[in-house]
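Beneath this line is the structure, given in structure tokens, with notes to follow.
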Amino acid sequence: MKNSGTRMFITGITLIAALGGLLFGFDVAVISGIITPVKTQYMLTSTQEGWFVSCALLGCIAGVAVSGTLSDRIGRKKVLALAACLFLISATGFAFASSYTLLICFRLLAGMGVGVASNISPLYISELAPASRRGRLVISYQLAITIGILLAYCSNLAIQRYALTAAADQDGWMHRLFVTEYWRGMFFVGVIPAAAFFLLLAIVPESPRWLAGKGRTDEARSILEKINGTTAAATELQAIIAAATLQSGGGLRELLRPPLRHLLIMACVLTAFSQFSGINAVIYYGPTIMKASGIVATDTLFYQVLLGAANMLFTFIAIWKVDSLGRRPLYLAGSLCAAVTLALAGACFLFNIGGWVMLLPVTGFLLFFAFSLGPLKFVIATEIFPTSVRSLALSVCILVMWISDWLLNLLFPILREGIGVAATFFIFAGCCLFSFFYARKHLFETKGKSLEDITIEENIIHP
């Protein structure tokens, strides 16, 4: 029988690992308040604006590409510490960069940190979480992303308002960071959670499944006992070792063979179309979208804070229901309703219905995304693959996510200026509708099953 001590242990290390998600959310959202002042200061063209926003996503792709293999070699914990260092360096460097070229360089480093964290944080959580709580614990990573997004919105709003009211006749680097070039301060705030993440990682253990895979069974057993209690830990360790003996050595060749190839395709399609829903276009270009709806320019960051709060609060629905209702029902309901709300938002832009009326369908989209398309891609991708290829498979899925995100955000300014915001939202709605029909055909349920049980069952289902 698990006691409160084991629950506190797994909750504590999950919260620390989820700080990678908070920094992920902060870094991708903070740019929304930075785009306009940087564009004005450096007189950026639309192409340069798109590159400034999207270059971090190239860093994400690079971070994901190396993090999976690296975590298999040196462990999940050390790679998370690497991500924390990248966040610290980029936040400091961006704040004090003296040229547009240096800004791009530090944005790339920030993107690498996000890429590493987006891959290894949910992987680490899934490998430590008990089967009965794995869904909600992995979704806590998505919750941390939404908290990071909200923190970025709130700090952007606070810094902007401070800069507008501060005395103009002062000098010094603090005045430059938070008044004359306040966009630098917006990014510099990220130093605080990055430092906390790096320091707190010192008290978290290594993944027991990684340890068992390296033959360090005593260390793996000790950690499993803290998670599940002594009796359950012994049983789970035996299952991990038994499953490992049935698996080959891993690698891309194994991953591309049936049945794993079918699982990889499903996970990649669901991941890509979660991004093609347009969620990060709303996050990155929120103020621009608000202005297009007719909201006063000085209020756009305030409205974005409201949307960020809604996104965070709605994620609790997924945490509440994912381990009781299951992954498949939540995904189907959320993707279908997200398509409807995006279509309504497009109609508002098409017929020039702005203000609060336009915000209702956008908020509705955030609601449905937050308990389906957003968090469940991480849950699904961390559950359905065997330990021998789990890190590699998740790397491929996250790589697909960032490539999709990069393409979307690079093209969004062009689509916005070319076919208009309304038509762009209709395209996003179509992508959500595709996700619904694809998931209805291919997505299977995994709630309440251990990672080893899922692996064995799927090998039977897809011989």
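The values are calculated or read from the model by the stated rules, or taken from the named source; none is laboratory data. Note that the structure is predicted; figures quoted are calculated from it, not measured. With ideal geometry, Cβ positions are generated from the backbone for all residues, glycine too; neighbour counts draw on all protein chains shown. Quick note on the areas: whole protein, heavy atoms, side chains included, nothing else; ligands and nucleic acids left out. Shrake-Rupley method; radii C 1.70, N 1.55, O 1.52, S 1.80 Å.
Structural remarks
- Selection from the stretch 89-108 of residues that are open to solvent by 50 Å² or more (accessible area, probe 1.4 Å) and in a helix (DSSP H, G or I): 89, 92, 96, 101, 102, 105, 108
- Filter result for the condition that a residue is of a type in the set (Val, Ile, Thr), modelled with pLDDT of 90 or more, surrounded by 18 or more Cβ atoms within 10 Å (Cβ to Cβ) and not in a loop (DSSP other than H, G, I, E, B), over 64, 138, 116: 116
- Candidate set: the stretch 32-61, residues that are within 26 Å of residue 124 (Cβ to Cβ) and of a type in the set (A, V, I, L, M); chosen: the one modelled with the lowest pLDDT: 57
- Cβ pairs under 7 Å, 6+ apart, first in the stretch 422-439 and in contact (Cβ under 8 Å) with a residue 40 or more places away in the chain and surrounded by 21 or more Cβ atoms within 10 Å (Cβ to Cβ), second outside any helix (DSSP H, G or I) and of a type in the set (S, T, N, Q): 428/277; 431/277; 432/277
- Scanning the stretch 290-325 for residues that are charged (D, E, K, R) and either out of contact with any Leu (no Cβ under 8 Å at 6 or more places or on another chain) or modelled with pLDDT under 60 (or both) yields 291, 299, 323.
- Residue among 408, 451, 443, 376 that is aliphatic (A, V, I, L, M) and at pLDDT below 80: 451
- Condition check for residue 187: in contact with a Cys (Cβ under 7 Å, 6 or more places away or on another chain) and over 30 Å from residue 238 (Cα atoms): no
- Tally of residues being modelled with pLDDT of 80 or more and in a loop (DSSP other than H, G, I, E, B) across the stretch 236-257: 2
- The stretch 14-61, subset touching a residue at least 24 places away in the same chain (Cβ under 8 Å), of a type in the set (Ser, Thr, Tyr) and closer than 18 Å to residue 101 by Cβ, residue surrounded by the fewest Cβ atoms within 10 Å (Cβ to Cβ): 42
- Qualifying residue in the stretch 280-289 (condition: modelled with pLDDT of 75 or more, assigned to a loop (DSSP other than H, G, I, E, B) and under 30 Å from residue 439 (Cα atoms)): no
- Any pair with Cβ under 6 angstrom, 6 or more apart, that starts in the stretch 396-418 at a residue that is of a type in the set (Gly, Ala, Ser) and ends at one that is open to solvent by less than 40 Å² (accessible area, probe 1.4 Å): 404/272; 404/275
Residues checked against (1) in contact with a helix residue (DSSP H, G or I) (Cβ under 6 Å, 6 or more places away or on another chain); (2) crowded, with 22+ Cβ neighbours inside 10 Å; (3) not hydrophobic (A, V, I, L, M, F, W, C):
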{"position": "326", "(1), (2), (3)": "no, no, yes"}
{"position": "356", "(1), (2), (3)": "no, no, no"}
{"position": "360", "(1), (2), (3)": "no, no, no"}
{"position": "364", "(1), (2), (3)": "yes, no, yes"}
{"position": "382", "(1), (2), (3)": "yes, yes, yes"}
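- Candidates 224, 211, 237 - the one that is over 22 Å from residue 15 (Cβ atoms), crowded, with 19+ Cβ neighbours inside 10 Å and not aromatic (Phe, Trp, Tyr): 237
- Selection within the stretch 259-279 - of a type outside the set (A, V, I, L, M, F, W, C), more than 15 Å from the chain's Cα centre (by Cα) and either buried (at least 22 other Cβ atoms within 10 Å of the Cβ) or at pLDDT below 85 (or both): 259
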